[in-house]
Every structure is written in C-alpha cells, then in structure tokens.
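All remarks here apply to the structure that follows.
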Amino acid sequence: MKLTYKLLWFDDEPSLIEPSEERLSLSMQNKGFDLAIEMRTDFSDAGINELRASLAQYNPYDLIVFDHDLGLRKGTDIARSLRGNIFTDMVYYSASPVDELRKAIYEAKVDGVFLINKNTCADDLMRILEDHIKKNCDLNSMRGIVLDTMSEMESKLRNQLIERLKNDSELLRERLDKFKNRLLRNAEQLQSKEQGMTEELMLSCFADPLKSDFNTVRQTLSSCDKDWENLKENHLLHELQNLRNVLAHESYRWNREDNCVTVRVDGKERRFNSFDFEAIRKKLLTMSKDIADHCGG
C-alpha cells in the first residue's frame, strides 16, 4: 500500500458522484492518504477488453467501484469481465434496494463484491476504505510506504539542489569549499575513531546498522568464511544488496506500453516486469535459506 490510494470508478454520470468524491478525499486525507479516483465512462467492449488486458499485467487499483445502471450496459457485465483477470475488492451500488443488487451479482456469478446504496455511497465506501487501511497497518506495509515516499522526495530534492548549484556559480564554489572541509573533518574523525577502536567496540559496530554498513559486514564475514560463495563480491548477497539500494532509494514509474517498472540508476533506466519480480523473490528465498543453513534458524 502506498500513500496514494487508487480507486477505479465506473459511472455514466460522473458529475453526480462529485460530492461523494470530495467527502471521500477529505476523509482519506484525515487518515493520512491521498485518494486518486480514476473515473471511467468508456463502457465499450473494446475499452473494457483493453482495460482487462492491462490489468492482467499490472493492477494499480486498491478498489473498483461500479454503478449498476451504466446506460446501455449493466455494471455486472464489466465486473464479470474484469473478475476473470483480477481479484481486487469491488463495490457495486445503485439507488435500487440492495436485495436487487445482490440478485444481479448472484446471477452474473461475480464474487468478492460489496453492495451499497447510492444514497449513502460516501459513508459506506469510507467504511470499506477504513477496513483496507487497517489490513495494511503492519511494519512491512509501513516500511514500503516510507521507502516509496522518501525515495521520491529524496530524488526531487537531489535534482533541485543540483539545478540550483548549476545555475549559481558563486553558490557552487561556496558549497564546494564546504564540501571539501567536511571531507577533511570526516578524515580527522575517522583517524580519531581508529586510535580509540577496541575489539569490543568493533563488535558493537557490526551489530549496529548506524555504525557500519551491511556491505562491510558481508565483506568481513566473507573473509572469515572463504568457502561461503554467496557472500563474495558480485555473488548473490552482493547482488541483492545493490537491488535493495535501488528499490529503496530510487524513484520509479510504470510503463503501461511495456508493462514494466522503470527505475533510474546513475542516469540509466533499469526495468523490472512481473517475471523479474518473481526471479527476485526466488533469489531472496535462496539467500535466506543459505543464511539459515550457515547461521541456524
């Protein structure tokens, strides 16, 4: 889950939904999320087939909402078509009694659908959104949100700083002098730390991520266990370290044409598709098992 909650909405009269959109957006902002609603008014076979093919490769939506009556087409037709490819929660609404909607959904053989009344659409939808938020209130989800948001902010700030310095030669020279002085101070501090370093302090540094980077730990452990292949330079753990840094610190964008994620690394684009992610998960499992075999547990 990201800070932006994405909702795909099908309605043939989107102007009537605007008050509900505004209420939902405000409620989600109070929960610490941006609500991005994509309103679909193209219900043609060609449009739905194109959407279905796209969602089969990449589904960015957290919830899909349908009006029952879409003019010449029923929402159940679209829901049934999309359900063949995706299993995102769906919400089906109408001004008609909920029992009628339940019958229509049952006859259309569509599963995983919430039924609500159009007159209480915003309140009912917000209860569903709040439940989704609760399901994602765990450490891994929060870590993903933080990493994604911070990498985007960091990328923008870095670019902003570079452009600012490029356009101000005096400021550029001033920052260069300060940068050099900081490097000299760091060198002096390192020398001081080296003189006071003991075996006990070294071991505490290995245990503290803030005092030693993981690469140092890997290299040191590899020198102690020279037969452990996956710890060596350019082997599996090193590869996964580099991948973590890429995914944690670089912003990304989705390419709908190629159905892949593009990440910019050192000015170059690196692409990941669903097969790449599958391969990454397998490598993570392999390395986790390898570490468990060597370290126990």
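The values are calculated or read from the model by the stated rules, or taken from the named source; none is laboratory data. What you are looking at is a predicted structure, and each value in this text was computed from that prediction instead of being measured. Cβ coordinates were reconstructed from backbone atoms using ideal geometry, including for glycine residues, and neighbour counts include every protein chain displayed. Note: accessible area is taken over every heavy atom of the protein model, side chains too, but ligands, DNA and RNA are not part of it. Shrake-Rupley method; radii C 1.70, N 1.55, O 1.52, S 1.80 Å.
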When you scan segment 126-137, do you find a residue that is touching a Gly at 6+ places or on another chain (Cβ under 8 Å), open to solvent by 30 Å² or more (accessible area, probe 1.4 Å) and of a type in the set (D, E, K, R), even just one? no
ASP11 versus (1) open to solvent by 10 Å² or more (accessible area, probe 1.4 Å); (2) touching a helix residue (DSSP H, G or I) at 6+ places or on another chain (Cβ under 6 Å); (3) without any contact (Cβ under 8 Å) to a residue 60 or more places away in the chain: which is the lone unmet condition? (1)
Looking at (1) in a helix (DSSP H, G or I); (2) open to solvent by less than 40 Å² (accessible area, probe 1.4 Å), which one does VAL261 not meet, given that it meets all the others? (1)
For segment 20-37, check the following and say yes or no: at least one residue is of a type in the set (Val, Ile, Thr), at pLDDT 90 or above and farther than 24 Å from TRP254 by Cα. no
Here are some residues: ASN49, ASN85. Which one is polar (S, T, N, Q) and either surrounded by 14 or more Cβ atoms within 10 Å (Cβ to Cβ) or within 21 Å of the chain's Cα centre (by Cα) (or both)? ASN85
It is to be established whether one or more residues within segment 60-79 are open to solvent by less than 20 Å² (accessible area, probe 1.4 Å), farther than 17 Å from ASP11 by Cα, assigned to a helix (DSSP H, G or I) and at pLDDT 90 or above. no
Filter segment 265-283 down to the residues that are within 18 Å of LYS156 (Cα to Cα) and either touching a helix residue (DSSP H, G or I) at 6+ places or on another chain (Cβ under 8 Å) or touching a residue at least 60 places away in the same chain (Cβ under 8 Å) (or both) and list them by number. VAL265
So, GLU200, is that one open to solvent by 60 Å² or more (accessible area, probe 1.4 Å), free of Cβ contacts under 8 Å to residues at least 40 places away in the same chain and under 30 Å from ASN159 (Cβ atoms) or not? no
Determine whether segment 72-82 contains at least one residue that is touching a Pro at 6+ places or on another chain (Cβ under 7 Å) and on the phi < 0 side of the Ramachandran plot. no
Looking at LEU221, LEU247, LEU240, which is the one that is under 27 Å from ASN159 (Cα atoms), open to solvent by less than 80 Å² (accessible area, probe 1.4 Å) and in a helix (DSSP H, G or I)? LEU240
Among ALA53, ALA36, which is in a strand (DSSP E or B) and among the aliphatic types (A, V, I, L, M)? ALA36
Pairs only if they're at least six apart or on different chains, beta carbon under 7 angstrom, first in segment 160-179 and without any contact (Cβ under 8 Å) to a residue 12 or more places away in the chain, second open to solvent by 100 Å² or more (accessible area, probe 1.4 Å) and not small (Gly, Ala, Ser); list them, first residue then second. LEU165/ARG175
Can you work out which of the residues in segment 88-116 that are over 16 Å from LYS74 (Cβ atoms) and modelled with pLDDT of 90 or more is most open to solvent (accessible area, probe 1.4 Å)? PHE114
Please state which one of ASN159, ASN167, ASN119 is surrounded by fewer than 12 Cβ atoms within 10 Å (Cβ to Cβ), of a type outside the set (D, E, K, R) and closer than 24 Å to GLU21 by Cβ. ASN119
